Amino acid sequence: MASGISFTLNGTDGKARVGVISTPRGEIRTPAFMPVGTAATVKAMMPESVAATGADILLGNTYHLMLRPTAERIDRLGGLHRFMNWEKPILTDSGGFQVMSLAGLRKLTEEGVTFSSHVDGSRHFVSPERSMEIQKLLGSDIVMAFDECPALPATEETVAQSMRMSMRWAQRSRDAFGDRPGHALFGIQQGGVTESLRGESADALRAIEFDGYAIGGLAVGEGQEAMFGVLDYAPDMLPTDKPRYLMGVGKPDDIVGAVKRGVDMMDCVLPSRSGRTGQAWTHRGQVNIKNARHADDPRPLDENCTCPACSKYSRAYLHHVFRSQEMISGMLLTWHNLHYYQELMAGMRAAIAAGRFAAFEADFHAKRAQGDIDPL
Ligand SMILES: [Zn+2]
């Protein structure tokens, strides 16, 4: 591991792991959930508020930031941490996934990807070398290798060819990253839902040697059963003494299932995005605050939650401000959702450390099975 960053595994319970990633910008307790700060902000949240929910690290999107305001401008302004007022660690994705999902007029070659910006149509080129340069300009603490994620459904041959190119790009990313004390580079396993391809990819990454290993190409519409099917073997293919990061996951039950299978880090827009559309995640499942049943309900969203939305406001108020399209609606529900996600992670960390993860998981599912509290 690069000097200045280390991973300590403090305990296991079955395949579930509890540990700490130490960085010059602070410790990341694992299993960790990373809120997504797409455009240098976790939407509707002040950075201080994100930290108050218990987040140790944020994810920034290379694709969005390179287009607007550009990595060069962020570098001139002192780097992404200073620019967005977040002093804790930041992980940046490589841009590859969003180039493939958001950009127009893509041309993919062995060298890299040329594409049109979804913002203004301007032409851009990203390669493993350019992705490493952008993430360095941003000042990211954990840098992701540049990879390609084939659109699904795809044939096994297409997935194999794409994975092998991503492994060549992983080597180019490693070479371009160089030696940067205090900064980590993670490789990304690909191979779709084919065990032999996942194994080939893991072997290629281990030969290159990374500071951490991501499991890519999942949470792209394959469904939970197929995802868990891959997670039954994919984490085991990666080194035990390095963090394992499942990209783009997920719903609370996806997260619990991934941690059970040996995943240490995850990120997802879901808690913040759903907070802006009136969806709340609680111990008893999903609550749709726009539903008329909440209009006269003086009770909190979740009586056991200590977040501002639950400790200071009623369901009736949250319903009203959502219906009135007031900004505080997205602010309060996003805060609650991020708080709930971080509390879930803290609960799992404590359960793994105490050797009672199975009981935690059973209780998690039992509470959700009850559904939301009965209407008044
Ligand atoms: Zn709450």
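Read-outs: derived from the displayed coordinates by stated rules, not from any lab. What you are looking at is a predicted structure, and each value in this text was computed from that prediction instead of being measured. Ideal geometry is used to build each Cβ from the backbone, glycine not excepted, and the neighbour counts take in all protein chains shown.
What the table below lists for this structure:
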| read-out | value |
| --- | --- |
| Along each principal axis, Cα extent of region 264-376, largest first, Å | 46, 29, 20 |
| Kirkwood-based Rg to Rh ratio, region 43-101, C-alpha trace | 0.99 |
| Region 6-267: antiparallel DSSP beta bridges as a percent of all, rounded to 5 | 45 |
| 19 Å tail of the calculated P(r), region 1-138, as % of Cα pairs | 57 |
| Note, ³J(HN,Hα) from phi for region 175-180, Karplus 6.51, -1.76, 1.60, rounded to Hz, x at Gly and Pro | 5, 6, 5, x, 10, 10 |
| Alpha-carbon radius of gyration plus Dmax, which is the widest Cα pair, for region 29-69 in Å | 10.9, 32 |
| Inter-label distance for ARG106 and ASP253, nm, one decimal - labels placed 7 Å from Cα along Cα-to-Cβ | 3.0 |
| Exposure proxy ranking, count of Cβ atoms within 10 Å, fewest first, for ARG73, ARG206 | ARG73, ARG206 |
| Cβ-based net charge around THR277, under 12 Å, with every Lys or Arg adding one and every Asp or Glu removing one | +4 |
| Cα lying deepest toward the dipole's positive end in the chain, options MET66, ILE5, VAL263, charges on Cβ | MET66 |
| Percentage relative contact order, region 275-370, counting C-alpha pairs under 8 Å, at least six apart | 33 |
| For region 5-11, 3J(HN,Hα) per residue [Karplus equation, 6.51 cos²θ - 1.76 cosθ + 1.60, θ = phi - 60°, Hz, x = Gly/Pro] | 10, 9, 10, 10, 8, 9, x |
| Net charge, ALA366 excluded, C-beta distance under 15 Å - Lys, Arg +1, Asp, Glu -1 | 0 |
| CYS268 long-range amide H proximity, modeled H, under 5 Å | MET34, VAL36 |
| Proximal aspartates and glutamates to LYS107, defined as alpha-carbon separation beneath 15 angstrom and excluding residues fewer than eight positions away on the same chain | ASP147, GLU148 |
| At 1.306 mPa s and 10 °C, Stokes D of the chain from Kirkwood alpha-carbon radius, µm² per second | 75 |
| Restricting region 267-376 to GluC sites (Glu not before Pro) in coil, as DSSP defines it, with at most 14 other Cβ within 10 Å | GLU303, GLU326 |
| Violating pairs (Cα-Cα greater than 20 angstrom) within the set LYS290/LYS367; LYS43/LYS88; LYS43/LYS242; LYS260/LYS367; LYS43/LYS260; LYS43/LYS251 | LYS290/LYS367; LYS43/LYS242; LYS43/LYS260 |
| Local electrostatic count at PRO69 - Lys and Arg +1, Asp and Glu -1, tallied over other residues with Cβ under 11 Å | +1 |
| Lys, Arg +1 and Asp, Glu -1 on Cβ, resulting dipole of the chain about Cα centre, debye, nearest 20 | 820 |
| Theoretical gain in end-to-end length, GLN286 to ASP203 [0.36 nm per residue, Cα-Cα removed] | 25.9 nm |
| Exposure proxy order (Cβ contacts within 10 Å, fewest to most) of PHE33, PHE322, PHE83 | PHE83, PHE322, PHE33 |
| Calculated log₁₀ intensity ratio I(q)/I(0) where the Debye formula runs over C-alpha points of region 216-314, q = 0.10, 0.12, 0.21 Å⁻¹ | -0.38, -0.52, -1.05 |
| Percent of alpha-carbon pairs separated by more than 14 Å within region 92-163 | 62 |
| Peptide ranges 115-125, 194-204 listed from the most packed, as the mean C-beta count within 10 angstrom indicates | 194-204, 115-125 |
| Lys, Arg +1 and Asp, Glu -1 on Cβ, resulting dipole of region 275-370 about Cα centre, debye, nearest 20 | 120 |
| Among GLY182, GLY212, GLY223 the positive-end extreme of the charge dipole of region 171-225 (Cβ point charges) | GLY182 |
| Mean Cβ count within 10 Å, highest first, over the residues of peptides 155-164, 93-102 | 93-102, 155-164 |
| Least to most buried among ASP264, ASP179, ASP296, ASP211 (fewest other Cβ within 10 Å first) | ASP179, ASP296, ASP211, ASP264 |
| Relative contact order computed over the chain (Cα-Cα under 8 Å; 6+ residues apart), in percent | 18 |
| Cα lying deepest toward the dipole's positive end in region 275-370, options MET327, LEU344, PRO308, charges on Cβ | MET327 |
| Distance between region 333-376 and region 1-49 - C-alpha centres, whole angstrom | 19 |
